[in-house]
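The values are calculated or read from the model by the stated rules, or taken from the named source; none is laboratory data. Computed from a predicted structure; not experimentally measured. We place every Cβ from the backbone using ideal geometry, glycine too, and count neighbours over all the protein chains shown. Accessible surface areas use protein heavy atoms only, side chains included; no ligands, DNA or RNA. Shrake-Rupley method; radii C 1.70, N 1.55, O 1.52, S 1.80 Å.
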Amino acid sequence: MPKSELERFEREHRLQILSAEAEDTHLISSISQLDYAPSALQQQTAYLQGLKTNLWECKTKLAELEKRTKKERKEHESIQSSTARRLAYKLVGKREKFESKQKKKCGMTHGSPSRPVMARYRRMK
């Protein structure tokens, strides 16, 4: 290629080269600003996994507590209805009949609930 053609080619493309250089500098600057991204992603992923684990543990504990509460509520309602029935029998004058039914039903002595049932009842108050 002759010298004049080479000079003309350089002049024509010099502006393109200079604008590409500025764009390249901008892109390199943008890439360097994102150097933290992989480690930040890893950190956020670990944090999210910890939250998911914590959520699972809370849901499990909640299910256990709901089950326990349901059982204790059933026991409490049984005691409460038993007390109401005892009072009704007492008012009608058939307390002995009620106590004998209770003894047969759940093996109670002296017409009162067993100690473990009463202990659970006291804890509920």
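Which listed residue (69, 29, 58) has the Cα farthest towards the positive end of the charge dipole for the range 6-88, taking +1 on Lys and Arg C-beta and -1 on Asp and Glu C-beta about the Cα centre?
Comparing the listed Cα positions along the dipole, 69 ranks first.
Multiply the residue gap between residue 20 and residue 47 by 0.36 nm, knock off their C-alpha separation, and tell me the result in nm, one decimal place.
Length gained, residue 20 through residue 47: 5.6 nm.
Ranked from the most accessible area to the least, with a 1.4 Å probe and all protein chains present, what is the order of 8, 73?
73, 8
For the full complex of protein chains and a 1.4 angstrom probe, list 74, 61 by accessible area with the highest value first.
From most exposed to least exposed: 74, 61.
Suppose every Lys and Arg Cβ carries +1 and every Asp and Glu Cβ carries -1, with no other charges. What dipole size does the range 1-72 come out with about its Cα centre, to the nearest 20 debye?
880 debye
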